[in-house]
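Nothing in this text is a laboratory measurement; each read-out follows from the coordinates by a stated rule. Predicted model only: the values in this text are computed from it and were never measured. With ideal geometry, Cβ positions are generated from the backbone for all residues, glycine too; neighbour counts draw on all protein chains shown.
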Amino acid sequence: MLAACLLLLCIPLCYQAFHFHVAQAYARLGYPHAQHIVGQRYLQGAGVEKNEKLAMHWFRQAAGQGHPHSSFNLALGALSNMTAALEEREVEKLLGVAAAHGLREAQELLENILKSRKLP
């Protein structure tokens, strides 16, 4: 009985770390949603030490498979200098993927970038 109570107390304390390790296992297998979750965890430092470089790595993996939120996060990372420079127009492509999937923030940012490029 005591062991069961201790286990129940431990679950909330260990949940984030456990969830991170499960998501990381699936991310390594190539699942884009898991890759996005791992990127989010590294970006926020939830269940793992905060690491923007690793966050951008996992966002890049998921974005390469068309994950819209990872595409948006990778574009933001590039604009914020959190990741290595992207190729010309890659930010627009990433934002376009996210916008095509209904991310309003991506659409607005893409429109602003395109407007700023048209200004003299």
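Some notes on this structure:
- Compared with the alpha-carbon gap, the fully stretched path from residue 88 to residue 28 is longer by 18.8 nm at 0.36 nm per residue.
- Calculated on C-alpha atoms, the gyration radius of the chain divided by its Kirkwood radius gives an Rg/Rh of 1.14.
- Applying a DSSP loop filter and a limit of 13 other Cβ atoms within 10 Å to the trypsin sites (Lys or Arg not before Pro) in segment 36-120 leaves 50, 89.
- The simple Förster model, with R0 at 25 Å and r as the Cβ-Cβ distance, assigns residue 79 and residue 104 a FRET efficiency of 0.90.
- Distance in nm between pseudo-label sites at residue 3 and residue 114 (7 Å out along the Cβ direction from Cα): 6.2
- Spatially proximal lysines relative to residue 118 (Cα-Cα < 19 Å; intrachain offsets below 8 disregarded): 93
- Tensor-based shape of segment 50-99 (alpha-carbon gyration tensor, a/c under 1.5 rounded, otherwise prolate or oblate): oblate
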